[in-house]
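**Student:** Sharing a structure here in structure tokens format.
The values are calculated or read from the model by the stated rules, or taken from the named source; none is laboratory data. Because the structure is predicted, anything quoted here is derived from the model rather than measured. Neighbour counts run over all protein chains shown; Cβ positions are idealised from the backbone, glycine included.
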Amino acid sequence: MTTSKRGIEVLQDPLLNKSTAFAESEKEALGLVGIVPDATETEDLQLQRVMLQLAAKPTDLERYIYLINLLDHNETLFYRTIMSDPARFLPIVYDPTIGEACLKFGHIYRQPHGMYLSMARRGKVKEVLKNWPQKDIRFICVTDGGRILGLGDLGANGMGIPIGKLQLYTACAGVPPQYLLPMYLDAGTNNEQYLHDPLYLGMRKTRPSTEDLYSFVDEFMQAVQEVFPKCCVHFEDWTGVDAVHLLQRFRDKYCVYNDDVQGTAGIVLAGMINAAKIKGKKVSDERYLFLGAGSAGIGLADLLCSAMVQEGLTLQDGQGHVYMFDINGLLETTRPDLVDFQRPYAHKHAPTRDFVAAIESIKPTAIIGVSTVGGTFTQRVIEAMSRINERPVVLALSNPTEHAECTPEQAYTWSNGKAIYAAGVQFPPVHFKGQTFLPGQANNFYIFPAIGMAVFATQASRITDEMFIEAARAVADQVSSDLLKQGLLYPLQSNILETEIQTAARVAKLVFDSRLARVERPADMVAFIRDHVYKPVYGKGPALATKAA
Ligand code: NAI
């Protein structure tokens, strides 16, 4: 990329700005002499200054605001910062801080960072998309703010989610940021508080009928194909029913996936593969009871069944290993309120609204919390699981932190150190009776950025469930036996870029094997992925630009 910009304009462009790192020749060529300090610093020295300034911030929300401000001024330095220590920065640019940022989004807003597409633009979606300055977009992450994390309908405040999710494509797997477009599809909100907040940024309307919404999403999907023909659409944080139905509607027609459905399923499958491995078993040897039967629960149940089919079970047998319990009790055949996609998991069983009674009757080996409700894995629940199982598997996935069904400390204490535990958020190690346990974080960020990188590099035309199963197996395979012994089900976050490169390479291989790639097959898949990885390094010379890939 060359630029005709000069002087202050260069500093105002986050893609060109090198702040204090311009070489003398660049300062002269770009009219920056005297506008920036005489010193010429390296990226690492700049990073030191960022770290100093971050350390002076009192809260993670303040650090989030600081980092987003940095992104507005200097994209390379922003990514250099978060990629320098992913374990430290992912909880700031994404969950749990992002939940707090979303709640206050209209109040802390500074720059758009993506597109706002409201249903008021019906009939003109293509024209709106053409306003985006980048023309080669490979991923749009889109939410309607319908169910943000476990926080409910946040409407336009949900925009923090696609922004954060796409930053993780880059930070975790090296997908170059210029190909990524966060999008808020504004269908109004039923959140009374925001409807009455003068600083709320979305349409002040309650949500439309499903039919109305879906026909607008149809126009959006069609427009994306026309304006960005190589683009994959990632749906994020829609309500459970919309998430599942929109995925069913588009999955065979477009390159599309839903991270809440498929990404969650992939990462939990990875955890279940390792939990079973610790016990010397396979996923098809386990019996699962879910607390929560929404988009995350159903996506996971479906993927677990596909994985069990790969292990030799019939689909019906696989479904027989999965039970679900939601706000109205156990899903069973007499329940009149179930939706189509829940029925395969409604088995013959007496109705019950008592989760402990369901555990005692069904005798699951694993309980999986995707209920959005904190504290629902009570002491009675964990004790019941521990009576039935030598090593009960307890996955408490709801987030943010206070929504986790139980904490690791509770799981290890109440099970007397027997539980194999993971959560949806990061918890510190737990010391119990002289042992140190490492609670893993079943976070989708091990899966979707790697899928994103594989799709980006191969230009895959579709995203399939098999790609998520392969990603899950690749993630699971990267946990050493030493870490498994300490109860850790997932790889360490400190090495996340390398983990995702290996995962992306395995998924890319599957994309080629499935004939879904639109580029030539390379000889060395890992090297091929590495060639596509973004590096947070400034471009050099007067015609400078950040390095794309
Ligand atoms: P959803 O709103 O679609 O489904 C929630 C389900 O929980 C519904 O079936 C509902 O009936 C049930 N439920 C609500 N209250 C309950 C109660 N007191 N007892 C039993 N069941 C109850 O939500 P979705 O998309 O399925 O997400 C669920 C949770 O999973 C959220 O907290 C979300 O943050 C978390 N999640 C975690 C991920 C991860 O850690 N990797 C990824 C995606 C979601």
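**Student:** If you check residue 425 against the conditions, is it within 12 Å of the ligand (Cβ to nearest atom) and either free of Cβ contacts under 8 Å to residues at least 24 places away in the same chain or outside any helix (DSSP H, G or I) (or both)? Talk me through it step by step, then tell me what you get.
**Tutor:** Details: within 12 Å of the ligand (Cβ to nearest atom): yes; either free of Cβ contacts under 8 Å to residues at least 24 places away in the same chain or outside any helix (DSSP H, G or I) (or both): yes.
Answer is yes for this residue.
**Student:** Which pairs do you get when a residue that is more than 16 Å from residue 341 (Cα to Cα) and of a type in the set (A, V, I, L, M), found in segment 236-263, comes within reach of a residue that is assigned to a loop (DSSP other than H, G, I, E, B) and more than 8 Å from the ligand (Cβ to nearest atom), reach meaning Cβ atoms under 8 angstrom, with the pair 6+ apart or on two chains?
**Tutor:** If the second residue must be assigned to a loop (DSSP other than H, G, I, E, B) and more than 8 Å from the ligand (Cβ to nearest atom), the pairs left are 256/463.
**Student:** Now a separate question. Show the residue pairs meeting these rules: Cβ distance below 7 Å; 6+ apart or different chains; first residue within segment 279-299 and under 21 Å from residue 424 (Cα atoms) and touching a residue at least 24 places away in the same chain (Cβ under 8 Å); second residue within 6 Å of the ligand (Cβ to nearest atom) and part of a helix (DSSP H, G or I).
**Tutor:** Once the first residue is under 21 Å from residue 424 (Cα atoms) and touching a residue at least 24 places away in the same chain (Cβ under 8 Å) and sits in segment 279-299, its partners that are within 6 Å of the ligand (Cβ to nearest atom) and part of a helix (DSSP H, G or I) give 290/297; 294/240; 295/240; 295/260; 296/260; 296/264; 299/260; 299/264.
**Student:** Which ranges mark the helices (runs of 4 or more DSSP H) fully within segment 455-549 that have 3 or more residues being among the hydrophobic types (A, V, I, L, M, F, W, C) and surrounded by 24 or more Cβ atoms within 10 Å (Cβ to Cβ)? Before you say what the answer is, go through the steps one by one.
**Tutor:** On the way: elements: 465-477, 481-485, 496-513, 525-531.
In segment 455-549, 465-477, 496-513 are the helices (runs of 4 or more DSSP H) which contain 3 or more residues that are among the hydrophobic types (A, V, I, L, M, F, W, C) and surrounded by 24 or more Cβ atoms within 10 Å (Cβ to Cβ).
**Student:** So how many residues does segment 406-447 have that are among the hydrophobic types (A, V, I, L, M, F, W, C), closer than 26 Å to residue 497 by Cβ and buried (at least 24 other Cβ atoms within 10 Å of the Cβ)?
**Tutor:** Adding up the residues that qualify gives 5.
**Student:** Moving to a separate point now. Here's a check for you: in segment 300-322, which residue that is free of Cβ contacts under 8 Å to residues at least 60 places away in the same chain and within 25 Å of the chain's Cα centre (by Cα) is nearest to the ligand (Cβ to nearest atom)?
**Tutor:** The first filter runs over segment 300-322 and keeps only residues free of Cβ contacts under 8 Å to residues at least 60 places away in the same chain, leaving 301, 304-305, 308-309, 311-322.
When the remaining residues are screened for being within 25 Å of the chain's Cα centre (by Cα), the result is 301, 304-305, 308, 322.
On the way: 301: 11, 304: 14, 305: 17, 308: 20, 322: 14 Å.
If we take residues in segment 300-322 being free of Cβ contacts under 8 Å to residues at least 60 places away in the same chain and within 25 Å of the chain's Cα centre (by Cα), then 301 is nearest to the ligand (Cβ to nearest atom).
**Student:** Can you name the residue in segment 331-351 that is surrounded by 15 or more Cβ atoms within 10 Å (Cβ to Cβ) and out of contact with any Phe, Trp or Tyr (no Cβ under 7 Å at 6 or more places or on another chain) and is also modelled with the lowest pLDDT among such residues?
**Tutor:** Initial filter on segment 331-351 (surrounded by 15 or more Cβ atoms within 10 Å (Cβ to Cβ)): 331-332, 335, 338, 341-342, 344-347, 349.
Narrowing the set further to residues that are out of contact with any Phe, Trp or Tyr (no Cβ under 7 Å at 6 or more places or on another chain) leaves 332, 335, 338, 341-342, 344, 346, 349.
On the way: 332: 98, 335: 97, 338: 96, 341: 92, 342: 96, 344: 97, 346: 98, 349: 98.
So the residue we want is 341.
**Student:** Give 525, 467, 453 a once-over and let me know the one that is modelled with pLDDT of 95 or more, more than 24 Å from residue 95 (Cα to Cα) and in the same structural domain as residue 269 (by TED's automatic domain parsing). Don't jump to the end; show me each part of the working.
**Tutor:** On the way: 525 fails: in the same structural domain as residue 269 (by TED's automatic domain parsing); 453 fails: more than 24 Å from residue 95 (Cα to Cα).
So the residue among 525, 467, 453 that is modelled with pLDDT of 95 or more, more than 24 Å from residue 95 (Cα to Cα) and in the same structural domain as residue 269 (by TED's automatic domain parsing) is 467.
**Student:** Which residues, taken from segment 381-404, are assigned to a loop (DSSP other than H, G, I, E, B) and near the ligand (Cβ under 9 Å from one of its atoms)?
**Tutor:** Residues of segment 381-404 assigned to a loop (DSSP other than H, G, I, E, B): 389-392, 397-400, 404.
Once the filter is applied, which keeps residues that are assigned to a loop (DSSP other than H, G, I, E, B) and near the ligand (Cβ under 9 Å from one of its atoms), segment 381-404 yields 397, 398, 399, 400, 404.
**Student:** Can you confirm whether segment 211-234 contains a residue that is within 26 Å of residue 446 (Cα to Cα), within 16 Å of the ligand (Cβ to nearest atom) and touching a strand residue (DSSP E or B) at 6+ places or on another chain (Cβ under 6 Å)?
**Tutor:** Of the residues in segment 211-234, the ones within 26 Å of residue 446 (Cα to Cα) are 230-234.
Those still in the list that are within 16 Å of the ligand (Cβ to nearest atom) too: 234.
From what is left, the residues that are touching a strand residue (DSSP E or B) at 6+ places or on another chain (Cβ under 6 Å) are 234.
Among the residues of segment 211-234, at least one is within 26 Å of residue 446 (Cα to Cα), within 16 Å of the ligand (Cβ to nearest atom) and touching a strand residue (DSSP E or B) at 6+ places or on another chain (Cβ under 6 Å), which makes the answer yes.
**Student:** Could you count how many residues in segment 367-380 are crowded, with 24+ Cβ neighbours inside 10 Å and either within 11 Å of the ligand (Cβ to nearest atom) or more than 22 Å from residue 150 (Cα to Cα) (or both)? Step through it out loud before you land on a result.
**Tutor:** In the first step, residues of segment 367-380 are kept if they are crowded, with 24+ Cβ neighbours inside 10 Å; the result is 367-371, 377.
Okay, now just the ones that are also either within 11 Å of the ligand (Cβ to nearest atom) or more than 22 Å from residue 150 (Cα to Cα) (or both), so 368-371, 377.
Residues meeting the conditions: 5.
**Student:** Does residue 303 fit the bill of being closer than 20 Å to residue 475 by Cβ, in contact with a helix residue (DSSP H, G or I) (Cβ under 6 Å, 6 or more places away or on another chain), at pLDDT below 95 and surrounded by 23 or more Cβ atoms within 10 Å (Cβ to Cβ)?
**Tutor:** Numbers: closer than 20 Å to residue 475 by Cβ: yes; in contact with a helix residue (DSSP H, G or I) (Cβ under 6 Å, 6 or more places away or on another chain): yes; at pLDDT below 95: yes; surrounded by 23 or more Cβ atoms within 10 Å (Cβ to Cβ): yes.
Criteria met by residue 303.
**Student:** Only one residue in 295, 284 is buried (at least 23 other Cβ atoms within 10 Å of the Cβ) and either near the ligand (Cβ under 9 Å from one of its atoms) or within 21 Å of residue 320 (Cβ to Cβ) (or both), so which one is that?
**Tutor:** Values: 284 fails: buried (at least 23 other Cβ atoms within 10 Å of the Cβ).
Exactly one of 295, 284 is buried (at least 23 other Cβ atoms within 10 Å of the Cβ) and either near the ligand (Cβ under 9 Å from one of its atoms) or within 21 Å of residue 320 (Cβ to Cβ) (or both), namely 295.
**Student:** For the structure I just gave you, tell me whether residue 92 is β-branched (Val, Ile, Thr), at pLDDT 95 or above, touching a Leu at 6+ places or on another chain (Cβ under 7 Å) and not assigned by TED's automatic domain parsing to the domain that holds residue 425.
**Tutor:** Numbers: β-branched (Val, Ile, Thr): yes; at pLDDT 95 or above: no; touching a Leu at 6+ places or on another chain (Cβ under 7 Å): yes; not assigned by TED's automatic domain parsing to the domain that holds residue 425: yes.
For residue 92, the condition - β-branched (Val, Ile, Thr), at pLDDT 95 or above, touching a Leu at 6+ places or on another chain (Cβ under 7 Å) and not assigned by TED's automatic domain parsing to the domain that holds residue 425 - is not met.
**Student:** Filter segment 470-520 for residues that are among the polar types (S, T, N, Q) and touching a residue at least 40 places away in the same chain (Cβ under 8 Å); which is farthest from residue 439 (Cα to Cα)? Talk me through it step by step, then tell me what you get.
**Tutor:** Our first condition is that a residue be among the polar types (S, T, N, Q); within segment 470-520, this holds for 478, 480-481, 486, 493-495, 499, 502-503, 514.
If we keep only those that are touching a residue at least 40 places away in the same chain (Cβ under 8 Å) as well, we get 486, 493-494, 499, 503, 514.
Values: 486: 9, 493: 12, 494: 15, 499: 18, 503: 22, 514: 35 Å.
It comes out as 514.
**Student:** Moving on. Residue by residue through segment 352-362, note down the ones that are surrounded by 16 or more Cβ atoms within 10 Å (Cβ to Cβ) and within 10 Å of the ligand (Cβ to nearest atom).
**Tutor:** 355
**Student:** I need a count of the residues in segment 203-235 that are more than 23 Å from residue 260 (Cα to Cα) and touching a residue at least 40 places away in the same chain (Cβ under 8 Å).
**Tutor:** If we filter segment 203-235 for residues that are more than 23 Å from residue 260 (Cα to Cα), which is where we start, we get 203-206, 223, 226-229.
Keeping just the survivors that are touching a residue at least 40 places away in the same chain (Cβ under 8 Å) gives 203, 223, 226-228.
The qualifying residues number 5.
**Student:** Also, I was wondering about something else. From (1) out of contact with any Cys (no Cβ under 6 Å at 6 or more places or on another chain); (2) buried (at least 16 other Cβ atoms within 10 Å of the Cβ); (3) closer than 23 Å to residue 420 by Cα, pick out the condition that doesn't hold for residue 313.
**Tutor:** The number of the failed condition is (3).
**Student:** Residues of segment 4-56 being in a helix (DSSP H, G or I), among the small types (Gly, Ala, Ser) and in the same structural domain as residue 76 (by TED's automatic domain parsing), which ones? Walk me through how you get there before you give the answer.
**Tutor:** First pass over segment 4-56, keeping only residues in a helix (DSSP H, G or I): 8-12, 19-21, 24-29, 43-55.
Those still in the list that are among the small types (Gly, Ala, Ser) too: 19, 21, 25, 29, 55.
55, the sole residue that qualifies.
**Student:** Given the criterion within 16 Å of the ligand (Cβ to nearest atom), within 22 Å of residue 246 (Cα to Cα) and touching a Pro at 6+ places or on another chain (Cβ under 9 Å), identify the matching residue among 181, 154, 149, 168.
**Tutor:** Numbers: 181 fails: within 16 Å of the ligand (Cβ to nearest atom); 154 fails: touching a Pro at 6+ places or on another chain (Cβ under 9 Å); 168 fails: within 22 Å of residue 246 (Cα to Cα).
Sole residue among the options that is within 16 Å of the ligand (Cβ to nearest atom), within 22 Å of residue 246 (Cα to Cα) and touching a Pro at 6+ places or on another chain (Cβ under 9 Å): 149.
**Student:** Name the pairs whose Cβ atoms lie under 8 Å apart, with the first residue in segment 362-373 and closer than 15 Å to residue 442 by Cβ, the second assigned to a loop (DSSP other than H, G, I, E, B) and more than 11 Å from the ligand (Cβ to nearest atom), and 6 or more positions between them or separate chains?
**Tutor:** Hits for this filter: 366/286; 366/287; 366/392; 367/392; 369/406.
**Student:** Can you find a residue in segment 328-335 that is within 14 Å of the ligand (Cβ to nearest atom), part of a helix (DSSP H, G or I) and more than 18 Å from residue 398 (Cα to Cα)? Show your work before the answer.
**Tutor:** Step one: list which residues in segment 328-335 are within 14 Å of the ligand (Cβ to nearest atom), which gives 328-331, 335.
After this cut, where a residue has to be part of a helix (DSSP H, G or I) as well, the list is none.
Checking segment 328-335: not a single residue is within 14 Å of the ligand (Cβ to nearest atom), part of a helix (DSSP H, G or I) and more than 18 Å from residue 398 (Cα to Cα).
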